[in-house]
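First comes the structure, then the notes that go with it.
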Amino acid sequence: MGDRIEQRGDGNIGKAVTRTGNITAGGTRGAGSESRQFTIDDLRVELAELKQHLDDSDRAEIDAAVHEIDSSPSEERFNSLLKRIAGVAAVAGEAGVAVIAVVKELLT
């Protein structure tokens with residue numbers, strides 16, 4: 001058989017299966033720092049995969065955003081950097097779906 005997916009509500013992306021497991025919008029992980037670190041690690045894994053599909057300019061944009069995330073920016077700046085990453089992932093199409101799912105989880 002297969003998975004049964006029901007999509008309800010605004011912004012629901014359904015289910016994204018990634019190399020790090022299943023991610024659903026809103027996620028099952030809380031907003032605590034331990035949880036955030038785990039999903040940032042997920043983001044790193046998915047970004048490594050995505051970067052294989054990007055040109056040099058987009059890879060540099062991702063690298064710059066990740067470098068700034070590593071410097072522990074304010075919450076507002078952190079969210080802005082995630083949105084920048086999601087923008088690059090969105091333009092990449094299917095290759096960026098897993099990154100977008102992780103970003104959405106981090107923003108919730």
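The values are calculated or read from the model by the stated rules, or taken from the named source; none is laboratory data. As the structure is a prediction and not an experimental result, all values here were calculated from the model. Because the Cβ atoms are built from the backbone with ideal geometry, glycine has one as well, and the counts that use them run over all protein chains shown. Note: areas computed on protein heavy atoms with side chains; ligands, DNA, RNA excluded. Shrake-Rupley method; radii C 1.70, N 1.55, O 1.52, S 1.80 Å.
Please determine whether any residue of the stretch 64-77 is at pLDDT 55 or above and crowded, with 17+ Cβ neighbours inside 10 Å.
Checking the stretch 64-77: at least one residue is at pLDDT 55 or above and crowded, with 17+ Cβ neighbours inside 10 Å.
For the stretch 78-108, what are the residues that are open to solvent by less than 40 Å² (accessible area, probe 1.4 Å), farther than 13 Å from LYS51 by Cα and within 8 Å of the chain's Cα centre (by Cα)?
Within the stretch 78-108, LEU82, ALA101, VAL102, VAL103, GLU105, LEU106 qualify.
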